């Protein structure tokens, strides 16, 4: 079987971690500071902190915007289940809304209807490495927390994904476009929040230099890996056009990093999964389950989310794929989708 995803960890990454071990730099220190500085510059942010888990950035962000236990967070139902878990762990009440037509973005109109005195912020993800300009959500007058998903390195009109809102989170596990083994990042574009952010994460919440050393090495090679992902993705693109399937959320003004490769198809997912498996190719749904299903909400309020959930198929893509594996996936796209 072709692997669905393989973390891009090479010799230089291992050397970076080994030097850290030899020097006994395992606690938060200089390497963590360097990692945060690199992320801050890359995303054009005013402040960044990195934690040893993905849940802490959510807790810190909610604290910085003054949220109290039970306050509501509006977000698209077409979001990762891990986000639901993180928000609940932070004491928030997630309120999913339907998405825009032909987009993974939450519907602005749907958000307007769900705003209440308990609404504390909006949470918006840049999914699959495909960024979106979310400036229009500012009209709702609420703090915006972005999640980079796999979109580190993606831009809209030259503006990095993650620099539109008030705060940005990033998962750094082994399924992310860069990994520190475990952990998460929280950044802010607000100058007045910079000092508060650096003071908010402390002690056992902070990422160790051991993990940060891996993150630094990964960031150094990010552009190289994005270039390779782009070469594979564009090869797949030709197969999608030939298959009659369609893309998700594509615009000419976007530079996306192909952290995931998703296709919108009318072929039922069970059939896709069965036929691709015969060729040794694993496929997945775009997301495991939309949030409204996990929360037991009425699907009639989430018609566009339900439709996209049924249509989107995710295919293997990672820099280490062999030529014959790439060609096999493209062949499957043309013949199955």
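Summary of values
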| item | result |
| --- | --- |
| Helices (runs of 4 or more DSSP H) lying entirely in the stretch 272-337 (those with 3 or more residues that are surrounded by fewer than 18 Cβ atoms within 10 Å (Cβ to Cβ) and more than 18 Å from the chain's Cα centre (by Cα)) | 303-311, 323-336 |
| Exclusive hit being in a strand (DSSP E or B), surrounded by 18 or more Cβ atoms within 10 Å (Cβ to Cβ), modelled with pLDDT of 90 or more and touching a strand residue (DSSP E or B) at 6+ places or on another chain (Cβ under 9 Å), set 32, 74, 45 | 74 |
| Entirely in the stretch 184-265, the helices (runs of 4 or more DSSP H) that have 3 or more residues that are at pLDDT 90 or above and not assigned by TED's automatic domain parsing to the domain that holds residue 50 | 222-243 |
| Test for residue 92: is it in the same structural domain as residue 65 (by TED's automatic domain parsing), in contact with a helix residue (DSSP H, G or I) (Cβ under 9 Å, 6 or more places away or on another chain) and farther than 23 Å from residue 300 by Cβ | yes |
| Among the residues listed as 215, 181, 165, 230, the single one being within 18 Å of the chain's Cα centre (by Cα), free of Cβ contacts under 8 Å to residues at least 60 places away in the same chain and more than 29 Å from residue 305 (Cα to Cα) | 181 |
| Residue 288 vs. criteria in the same structural domain as residue 59 (by TED's automatic domain parsing) and either under 23 Å from residue 107 (Cβ atoms) or modelled with pLDDT under 95 (or both) | no |
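The values are calculated or read from the model by the stated rules, or taken from the named source; none is laboratory data. Note that the coordinates shown come from a computational prediction; the quantities given were computed from them, not determined experimentally. Glycine gets a Cβ as well: all are built from the backbone with ideal geometry, and neighbour counts include every protein chain shown.
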